[in-house]
Amino acid sequence: MNRPTGNLVRSFLRRSFCTAENIDTNLHTSKLQIFDRQLKRKQRDRAAWLINRKDSLVNTVADNLLDRLEDVKKTFPSALCLGGSLEAIRRSVRGRGGIEKLIMMDSSYDMVKLCKDAEKDYSSDNIETSFMVGDEEFLPIKESSVDLVISCLGLHWTNDLPGAMIQSRLALKPDGLFLAAIFGGETLKELRIACTIAHMEREGGVSPRISPLAQVRDAGNLLTRAGFTLPGVDVDEYQVRYNSALELIEHLRAMGETNALVNRIKFLKRDTALATAAVYESMFAAEDGTIPATFQVIYMTGWREHESQQKAKRRGSATVSFMDIQKEFGGQTS
């Protein structure tokens, strides 16, 4: 953890942190480094200065994620918000989930400062808000200390996504809720195609320019592997239109979503960049001259186990066989 700011709730930080050292080694994945976390922190520092509070994509995703709290009768007095669209979540959380205490955490000091400076706009919410700088891969949070963990468009940049989700589960109290939104594998598919063709034409090969992302089919397995009960997954696709490929790149920078691969090529040749923009426009431009970009968002919900939750019956405990059901109803026709 880097330096904390604001009214840090110290009781959350005394012992039993939900870090990798406390995860069962049988569940922990390899320490393969896919993303440069230091670079991602710098990109988020930059995004704090470029952020657009009226970004319809970010605001819609945050709103849709928090809508899930309205489907639950339970209240969540204490909540932890991890990275990603922190500021949008803070604006949308008003009156939802019965939240009384909110901890906002990000790896970027500038992003945390931005949220802290904006807190005066929410003084009427009656939510006690604290701020800290920390890493989703090494949560500086006491086990079983919060009722709700929210991550909106942040966890897809972690090197160990299952490990980060396990730590989130450990931070939850029994019957606590985990809410997350991550970009899925269909995100920026148009840009991927344009980049591939341009690199083949100009450089004779392909280099990684867009980060690998989880597929929808993986999300349920991730929740189960992390130990969550009652897992739920659904997906939305949003299409945003831009005047040019350059405007798309500027939007990605403002969201802190630019390339952070460890094995990236650090410099993009000018003619390759121009070729990418030309291919993008020639293949995908609409009649009005705008270009589309697809953003696939995977929403995940999971609960920390509690005795009050519904559970599947023990295998072999059924009192009626399928053969008896077939005999009873098999001859009936609709």
Worksheet item: Once the convex hull of the C-alpha atoms of the range 150-295 is built, how many Å³ does it hold per residue, rounded to a whole number?
Response: 122
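Which net charge results when you count Lys and Arg as +1 and Asp and Glu as -1 among the other residues whose beta-carbon is under 11 Å from that of LEU177?
Values: positive: ARG68, LYS74, ARG169, LYS173, ARG304; negative: ASP71, ASP147, ASP175.
Charge balance in the 11 Å sphere: +2.
If each residue of separation counts as 0.36 nm, what is the full-extension length gain between ALA318 and ALA285 once their alpha-carbon separation is subtracted? If you can, show how the numbers build up before the last one.
Details: separation 33, 0.36 × 33 = 11.88 nm, distance 5.80 nm.
Extra length available between ALA318 and ALA285 comes to 6.1 nm.
Viscosity 0.890 mPa s, temperature 25 °C: what is the translational diffusion coefficient of the range 42-104 from Stokes-Einstein with a Kirkwood Rh over Cα pairs, rounded to a whole number of µm²/s?
On the way: Rh = 12.6 Å.
The Stokes-Einstein estimate is 194 µm²/s.
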Worksheet item: Hey, what do the phi angles of the range 241-252 turn into as Karplus ³J(HN,Hα) couplings, whole Hz, using 6.51/-1.76/1.60 and θ = phi - 60°, x for Gly and Pro?
Response: 9, 10, 6, 7, 5, 4, 5, 4, 4, 4, 5, 4
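Given 0.36 nm per residue, what is the gain on full extension from ILE34 to LYS269 after removing their alpha carbon distance, in nm? Could the numbers behind the result be given before it?
Numbers: separation 235, 0.36 × 235 = 84.60 nm, distance 2.30 nm.
82.3 nm is the gain from fully extending ILE34 to LYS269.
To the nearest 20 debye, what charge dipole does the range 36-304 have about its Cα centre, counting +1 at the Cβ of each Lys and Arg and -1 at the Cβ of each Asp and Glu?
Working: 35 positive and 38 negative charges, 131 e Å.
Charge dipole of the range 36-304: 620 debye, to the nearest 20.
For the pairs LYS42/LYS142; LYS74/LYS173; LYS40/LYS266; LYS101/LYS173; LYS142/LYS311, note any where the Cα-Cα span goes beyond 18 Å. Please report the intermediate quantities before stating the final value.
Values: LYS42/LYS142 27 Å; LYS74/LYS173 13 Å; LYS40/LYS266 14 Å; LYS101/LYS173 14 Å; LYS142/LYS311 27 Å.
Violating the 18 Å Cα-Cα cut-off are LYS42/LYS142; LYS142/LYS311.
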Item to complete: Would you kindly state how much longer the chain becomes between VAL240 and ARG202 on full extension, computed as 0.36 nm times their sequence separation minus their alpha carbon distance, in nm to one decimal?
Response: 10.9 nm
Discussion item. How much of the DSSP bridge set in the range 101-195 is antiparallel, in percent, rounded to the nearest 5?
Written reply: 10
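Using the Cα gyration tensor of the range 227-295, with a ≥ b ≥ c the square roots of its eigenvalues, what is the shape: rounded (a/c below 1.5), prolate (a/b larger than b/c) or oblate (neither)? Could you put the intermediate results ahead of the total?
Details: a/c = 2.77, a/b = 1.41, b/c = 1.96.
Oblate.
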Item to complete: Compute the relative contact order of the chain as a whole-number percentage, counting only Cα pairs closer than 8 Å that sit 6 or more residues apart in sequence.
Response: 22
Response to the item:
Its Cα gyration tensor gives the range 36-304 an equivalent ellipsoid whose semi-axes in whole Å, largest first, are 33, 19, 18
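Rounded to the nearest 5, what % of the DSSP beta bridges within the chain are antiparallel ones?
On the way: 24 of 47 bridges.
Bridges in the chain are about 50 percent antiparallel.
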Discussion item. Quick check for you: which residues of the range 275-318 have the amide N under 17 Å from the point 7 Å beyond the Cα of ASP67 toward its beta carbon?
Written reply: 295-301
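Every number here is computed from the coordinates shown, using simple stated rules; none is lab data. Please read these numbers as outputs of a predicted model, since none were measured by experiment. All Cβ positions, glycine included, derive from the backbone under ideal geometry; neighbour counts span all protein chains shown.
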